[in-house]
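As structure tokens, the structure follows; a few thoughts come after it.
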Amino acid sequence: MRTPFVVGNWKLNKTIAESLALVTELKNQLGAVKGVAVGVAPVFTSLHSVAKRLEGSAIATCGQNCHFETTGAWTGEVSAPLLADAGATWVIVGHSERRQFFGDTSEIVGKKARAVLAAGLGAIVCVGELLAERDAGRTLAVVDDQLAGGLAGIDAAAAASKIVIAYEPVWAIGTGRTATPAQAQEVHAHIRKWLADRFTPTTADAIRIQYGGSVKPSNAEALMSEKDIDGALVGGASLEAADFIAIVKAARPS
Ligand code: PGA
């Protein structure tokens, strides 16, 4: 049985003080929640303070991105070992905003995922199609390519608990337009099958697949009651404690 995992991706939002206020509320209110894993992904400048504040709670601190090299002449970059040093236990790689605006190809996403796992952290590998790709009937092919690149060279059987796939249709991110539970489930089931073919059915059963794209308190329960949807990657609605807490509670197995 997979434990659902709900992660708040704060993107480029919140000062250190604002981040601490939010996680303090999450820590107080989610301390007793059972049956669901929770994480937050603050901006790099707040990450260490957030991780310190979350000490003693089960809420994980996550990086939003990292570089694939560990150290060296890479001005402006942050590496997976340095994120671990700052208190992160998970790192998101291949978010569609990284792919669209910062040139992250699936090959680069794979290098980043390998660097994250090598640093002993968990990798949340994002995949998802553009609207034009969905309209052209290419959703599953696009997702397959992104999975092949993002998981290249990874022994998922050994690392199943440290790999999470986040299916985020790009047309649903920040648009208020969510995939229907059936649309999401179709792609999630396809991803599970891809993982079973590529690795083993046991490994595919153990890897969690999050849904992301305009998840809110009003749609979270319907999405997460689908068989292959194991939690959520939440953007906008993770910036308000009440909304994020409601989404976390909706992810509990009933
Ligand atoms: P959204 O973002 O919930 O604001 O649509 C999701 C994401 O980008 O991870």
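Overview of results
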| quantity | calculated |
| --- | --- |
| Residue in region 193-215 that is closer than 19 Å to Gly236 by Cβ and among the hydroxyl-bearing types (Ser, Thr, Tyr) present | yes |
| Search result, residues across region 181-224 that are hydroxyl-bearing (Ser, Thr, Tyr), under 16 Å from the mean Cα position of the chain (by Cα) and surrounded by fewer than 23 Cβ atoms within 10 Å (Cβ to Cβ) | Ser214 |
| Residue that is surrounded by the most Cβ atoms within 10 Å (Cβ to Cβ), among those in region 226-241 that are among the acidic types (Asp, Glu) and closer than 17 Å to Pro169 by Cα | Asp230 |
| Matching helices (runs of 4 or more DSSP H) fully within region 57-131 where at least 2 residues are farther than 24 Å from Asp155 by Cβ and in contact (Cβ under 8 Å) with a residue 40 or more places away in the chain | 96-101 |
| Residue match in region 123-134 (condition: surrounded by fewer than 16 Cβ atoms within 10 Å (Cβ to Cβ) and within 19 Å of Ile209 (Cα to Cα)) | no |
| Unmet criterion (only one of (1) within 16 Å of the ligand (Cβ to nearest atom); (2) of a type outside the set (Phe, Trp, Tyr); (3) within 15 Å of His190 (Cβ to Cβ); (4) more than 16 Å from the chain's Cα centre (by Cα)) for Leu130 | (3) |
| Some residue of region 87-95 being more than 15 Å from the ligand (Cβ to nearest atom) and more than 18 Å from the chain's Cα centre (by Cα) | no |
| Some residue of region 73-85 being of a type in the set (Val, Ile, Thr), under 30 Å from Asp144 (Cα atoms) and touching a strand residue (DSSP E or B) at 6+ places or on another chain (Cβ under 6 Å) | no |
| Qualifying positions in region 23-50 - in contact with a Phe, Trp or Tyr (Cβ under 8 Å, 6 or more places away or on another chain) and either among the aromatic types (Phe, Trp, Tyr) or part of a helix (DSSP H, G or I) (or both) | Leu26 |
| Filtered residue count, region 73-92, keeping only those that are of a type in the set (Val, Ile, Thr) and under 22 Å from Ser161 (Cα atoms) | 3 |
| Test for Ile108: is it at pLDDT 95 or above and crowded, with 22+ Cβ neighbours inside 10 Å | no |
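The values are calculated or read from the model by the stated rules, or taken from the named source; none is laboratory data. Keep in mind the model is a prediction, meaning the values are calculated, not measured. Quick reminder, even Gly has a Cβ in these numbers, built from the backbone with ideal geometry, and neighbours come from all protein chains shown.
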